[in-house]
Amino acid sequence: MSESATAAAIRATARILKANPNRTVFLEQRAGSGAVVVKRYHAASALRRPRDRGRARREQRVLARLHAAGLPVPEPLGIRRRDGCWELSCAWIPDAVSLHDLVDGRLPWPRPRAELAAALGRLLARLHTAGLDHGDLHPGNVLIDAGGRPWLVDCAKARLRRRLGAPLLVRDLVRLAAGVREHLSARFRARFLVAWLRALSPELCARLPARAPLVEGVERLARERRRSVAARNRARWRRASGVCRLVQDGGARALEAREPLRPDEIVIRRPATLEQWADSGLAWDHRLPCARPLRFPLDPRSAATFALPAGSRPLDGTGAEGARARRIHLGAGALLGALRDRGLALARPPAAEDLWTDGRGALLLGPGPRLVARAPGDDRTVPEGIPAPVGRRERALFALGYLRAHLGTRAERAALREELLGG
């Protein structure tokens with residue numbers, strides 16, 4: 001069987017867990033051993049393909065040493081060459097779910113979040129104490145089993161080192177915090193870090209700064225990393241990628257979001273450029289209240305489609321009075337607070353069609369907002385078109401929404417409160 005035929009057979013008979021141009025991870029049923037996870041190496045570059053054997057062996061050695069030390073990683077079962085590709089087989093962790101799916105709200109949490117934050121911190125401390133330099137830590141590489149126990153998977157880039165210095169330890173903390181900071185609270189991240197510190201070996205703890213400056217430094221660097229990653233990923237909304245696929249519809253090509261329309265969403269059609277479509281994708285990646293991109297026609301050009309929460313309507317003409325006006329001021333603060341937290345600003349004052357409200361009165365960015373990066377010290381202003389707080393009650397509601405949407409540390413939020421309300 002040829003390599004392409006084997007790949008086709010895998011797609012037809014196995015459950016694919018992960019896939020990218022260089023590797024495919026799938027669940028395979030084997031006679032006598034039941035379900036086995038197989039990582040198939042198939043480097044996209046012909047020049048890199050001869051290295052696949054070394055990658056498989058290196059990952060097997062790392063997993064074997066960690067498993068022998070009693071750490072929660074999949075047990076490696078062996079490597080083999082099949083149909084021109086090297087494969088690493090590992091034991092299957094039944095009923096396990098990805099931490100990424102929990103963080104993203106796709107699945108219910110198997111145990112209270114505070115408990116899981118502490119368990120994740122202790123797991124990372126054990127891995128660091130064992131000398132693991134994972135190299136690719138993010139929620140997608142952590143599984144949570146049915147009992148709520150976290151497991152580390154995918155050690156393709158991992159190394160075991162004799163000595164881990166403070167820069168590497170902080171790097172891992174920053175990467176993990178950046179991956180969840182727009183999904184989970186600062187309190188969750190703090191519980192994780194405190195549990196990590198308490199479980200870390202005294203030798204490694206001695207290399208780190210004191211707790212308070214460590215927490216503040218990790219949070220600051222995590223925000224910078226998240227901004228950088230999201231800005232870089234904006235290009236994914238302009239091509240076939242992990243968030244978009246290229247589809248053919250009657251001979252016409254279109255970019256289509258991989259996440260389908262949800263039952264609680266409505267569809268709207270609006271003319272948009274590819275840059276505006278990508279800006280909507282950037283806003284969605286940052287978890288801003290916004291229209292979610294669904295489909296962008298490439299040829300011939302026609303209106304793009306976006307998703308909004310059911311009950312949404314343009315802000316213009318809503319007759320904002322009484323309770324609705326109060327909700328809109330709360331929503332205006334939330335929208336601008338979230339933009340500031342993400343290091344973004346509106347490139348121009350929004351027109352009437354640029355702002356929507358959902359069924360509860362929260363303010364949303366409409367399709368194709370033009371977003372620009374902003375420095376942390378930029379002056380905060382309310383762009384034209386967003387209700388500006390005037391009276392004391394309106395200012396309080398605006399500030400409440402602003403502070404709720406800002407995901408920074410306690411010290412940052414205290415500074416914002418002083419800026420907004422004077423104390």
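Name, by its number, the condition in (1) in contact with a strand residue (DSSP E or B) (Cβ under 6 Å, 6 or more places away or on another chain); (2) farther than 26 Å from LEU17 by Cβ that does not hold for VAL218. Condition not satisfied by VAL218: (1).
Looking only at residues in the range 24-72 that are surrounded by fewer than 17 Cβ atoms within 10 Å (Cβ to Cβ) and among the hydroxyl-bearing types (Ser, Thr, Tyr), the one that is farthest from THR129 (Cα to Cα) is SER45. Here GLU115 fulfils each of the conditions (1) in contact with a Lys or Arg (Cβ under 8 Å, 6 or more places away or on another chain); (2) free of Cβ contacts under 8 Å to residues at least 60 places away in the same chain apart from (1). Exactly one residue out of ARG113, ARG80 is over 13 Å from LEU152 (Cβ atoms), within 24 Å of the chain's Cα centre (by Cα) and of a type in the set (Lys, Arg), and it is ARG113. In the range 158-171 there is no residue matching the filter, namely being over 19 Å from the mean Cα position of the chain (by Cα), within 19 Å of LEU99 (Cβ to Cβ) and surrounded by fewer than 21 Cβ atoms within 10 Å (Cβ to Cβ).
Tell me the residue from ARG393, ARG410 that is outside the structural domain of VAL215 (by TED's automatic domain parsing), among the charged types (D, E, K, R) and at pLDDT 80 or above, please. Quick ask: steps written out before the conclusion?
On the way: ARG410 fails: at pLDDT 80 or above.
None of the others qualify; the one that does is ARG393.
Report whether or not ALA257 is touching a Gly at 6+ places or on another chain (Cβ under 6 Å) and either modelled with pLDDT of 90 or more or β-branched (Val, Ile, Thr) (or both).
The answer is no for ALA257.
Quick check, is ALA323 surrounded by fewer than 19 Cβ atoms within 10 Å (Cβ to Cβ), modelled with pLDDT under 85 and under 30 Å from GLY391 (Cα atoms)? Criteria met by ALA323.
Within the range 41-51, the set of residues being closer than 15 Å to ALA156 by Cα and either under 28 Å from the mean Cα position of the chain (by Cα) or in a loop (DSSP other than H, G, I, E, B) (or both) comprises TYR41, HIS42, ALA43, ARG48.
Within the range 194-204, the set of residues being surrounded by 13 or more Cβ atoms within 10 Å (Cβ to Cβ) and either acidic (Asp, Glu) or part of a helix (DSSP H, G or I) (or both) comprises VAL194, ALA195, TRP196, LEU197, ALA199, LEU204. When residues in the range 131-151 are screened for being over 12 Å from SER98 (Cβ atoms), in contact with a helix residue (DSSP H, G or I) (Cβ under 8 Å, 6 or more places away or on another chain) and either free of Cβ contacts under 8 Å to residues at least 24 places away in the same chain or surrounded by 16 or more Cβ atoms within 10 Å (Cβ to Cβ) (or both), 5 of them pass.
Scan the range 98-112 and tell me whether some residue there is under 20 Å from LEU200 (Cα atoms) and touching a residue at least 60 places away in the same chain (Cβ under 8 Å). No, there is no match, as no residue in the range 98-112 is under 20 Å from LEU200 (Cα atoms) and touching a residue at least 60 places away in the same chain (Cβ under 8 Å). In this structure, LEU315 does not satisfy being crowded, with 20+ Cβ neighbours inside 10 Å, at pLDDT 80 or above and within 27 Å of the chain's Cα centre (by Cα).
Okay, residues lined up against (1) β-branched (Val, Ile, Thr); (2) surrounded by fewer than 17 Cβ atoms within 10 Å (Cβ to Cβ); (3) under 19 Å from PRO300 (Cβ atoms):
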{"residue": "VAL215", "(1), (2), (3)": "yes, no, no"}
{"residue": "VAL218", "(1), (2), (3)": "yes, no, no"}
{"residue": "LEU221", "(1), (2), (3)": "no, no, no"}
{"residue": "VAL229", "(1), (2), (3)": "yes, yes, no"}
{"residue": "TRP237", "(1), (2), (3)": "no, no, no"}
{"residue": "SER241", "(1), (2), (3)": "no, yes, no"}
{"residue": "LEU246", "(1), (2), (3)": "no, yes, yes"}
{"residue": "LEU255", "(1), (2), (3)": "no, no, yes"}
{"residue": "ARG258", "(1), (2), (3)": "no, yes, no"}
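Look at (1) under 21 Å from the mean Cα position of the chain (by Cα); (2) more than 24 Å from ALA206 (Cβ to Cβ); (3) of a type outside the set (Asp, Glu) and you find that ALA146 fails only one, number (1).
Exactly one residue out of GLY140, GLY121, GLY147, GLY165 is modelled with pLDDT under 95, within 20 Å of LEU221 (Cβ to Cβ), of a type in the set (Gly, Ala, Ser) and not assigned by TED's automatic domain parsing to the domain that holds LEU17, and it is GLY165.
The values are calculated or read from the model by the stated rules, or taken from the named source; none is laboratory data. Every value quoted in this text rests on a predicted model; they were computed, and no experiment measured them. As a convention, Cβ positions derive from the backbone with ideal geometry for all residues, glycine included, and neighbour counts pool all protein chains shown.
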